[in-house]
1. If you take every residue apart from VAL19 with its C-beta less than 15 Å away from the C-beta of VAL19, what net charge results, scoring Lys and Arg +1 and Asp and Glu -1?
2. Leaving out ligands and nucleic acids, note down the accessible area per residue over region 73-207 with a 1.4 angstrom probe, in whole Å².
3. Compute, for region 1-123, the length of the dipole vector about the Cα centre, with Cβ point charges of +1 (Lys, Arg) and -1 (Asp, Glu) only. Units Debye, rounded to 20.
4. For region 96-200, which whole percent of the accessible surface, found with a 1.4 angstrom probe, sits on carbon and sulfur atoms?
5. Compute the accessible area per residue over region 1-55, keeping the other protein chains in place, probe 1.4 Å, unit Å².
6. For region 6-45, which whole percent of the accessible surface, found with a 1.4 angstrom probe, sits on carbon and sulfur atoms?
7. In region 2-25, whose amide N lies under 16 Å from the spot 7 Å out along Cα-to-Cβ of ASP50? List them in ranges.
8. Taking the Cα centre as origin and putting +1 on Lys and Arg beta-carbons and -1 on Asp and Glu beta-carbons, what dipole magnitude results for the chain, to the nearest 20 debye?
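The values are calculated or read from the model by the stated rules, or taken from the named source; none is laboratory data. Keep in mind it's a predicted model, so treat the numbers as computed, not measured. Ideal geometry is used to build each Cβ from the backbone, glycine not excepted, and the neighbour counts take in all protein chains shown. These area figures cover heavy atoms from the full protein model, side chains too; ligands, DNA and RNA do not enter into them. Shrake-Rupley method; radii C 1.70, N 1.55, O 1.52, S 1.80 Å.
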Amino acid sequence: MRAILTYHSIDPSGSAISVDETTFRGHLDWLADGGPSVVPLGELLEREDDEDAVSLTFDDGFGNFGSTAWPLLRERGLAATLFVVVDHVGRNNDWGGRSEPGIPGLDLLDWDELGRLVEDGLEIGSHTRRHLRLAGLDAGSLEDEVAGAAAEIESRLGRRPPGFAYPYGSLDEGAEMVVAREHEWACSTRLGVLELDSPRFRLPRLDAFYYRRPGRLEAWGTAGFRVRLAARRAGREARVMLAGRGAS
Ligand SMILES: [Zn+2]
């Protein structure tokens, strides 16, 4: 089985974007000690479907990635991709100038810190300029959010971001076309493991939020793991339909 794991913030708040450090350490220890192999995402896509492998992704570029997550990844030799929101680098996560209910206000890494992490082996992906929902966005804004963000990351860090993550998982055909032109692969927020026919620019992921309970991630590869995943996905899709908008 192959899958992409999504983390956001490593902090003790218990919010929907947070995994606490003890749980995170538990995940990494399990991965480093006989769990599925951890590989860069571009490599994961080339692996055989029956291999046990995961890629680790972190959305938004929080400061605690640099202070907490990266040192733990680094000491275990594990690869990761960090998706940064270009216009918010060095600022905070008040996308659109306001905080979201239940989501802690957190500092984001700045360009110098990101540069050091890249030198240290971290892969940077794009998470747009302003963390807007891309579905329905006009062509000019779409260009700026996708191509503009990629160009800025390249000029700041000297490397083109191979990957992209859609804010809130929000996308439509137009957005996907621009993303595919600018990147090698892209992550959605659709819950799922990688399948042979997973679309390269709408890759499913497993949100670590759902694997915070002890033993949940470690059930990897069992029938119970797949059953719980299917139930989560059905529940989430029903909620999204009721809310009439894209998954957050
Ligand atoms: Zn995000």
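1. Details: positive: ARG25, ARG205, ARG212, ARG213, ARG216; negative: ASP11, ASP20, GLU21, ASP29, ASP59, ASP60, ASP207, GLU218.
Its environment carries a net charge of -3.
2. Using a 1.4 Å probe on heavy atoms only, each residue of region 73-207 averages 45 Å².
3. Numbers: 8 positive and 25 negative charges, 56 e Å.
Roughly 260 debye for region 1-123.
4. Values: 2340 of 5030 Å².
After summing per-atom areas, the C and S share lands at 46 percent.
5. 40 Å²
6. Numbers: 740 of 1530 Å².
Using a 1.4 Å probe with all protein chains present, region 6-45 comes out at 48 percent carbon and sulfur.
7. Only 2 pass the distance filter.
8. On the way: 29 positive and 41 negative charges, 185 e Å.
Using Cβ point charges on Lys, Arg, Asp and Glu, the chain gives about 880 debye.
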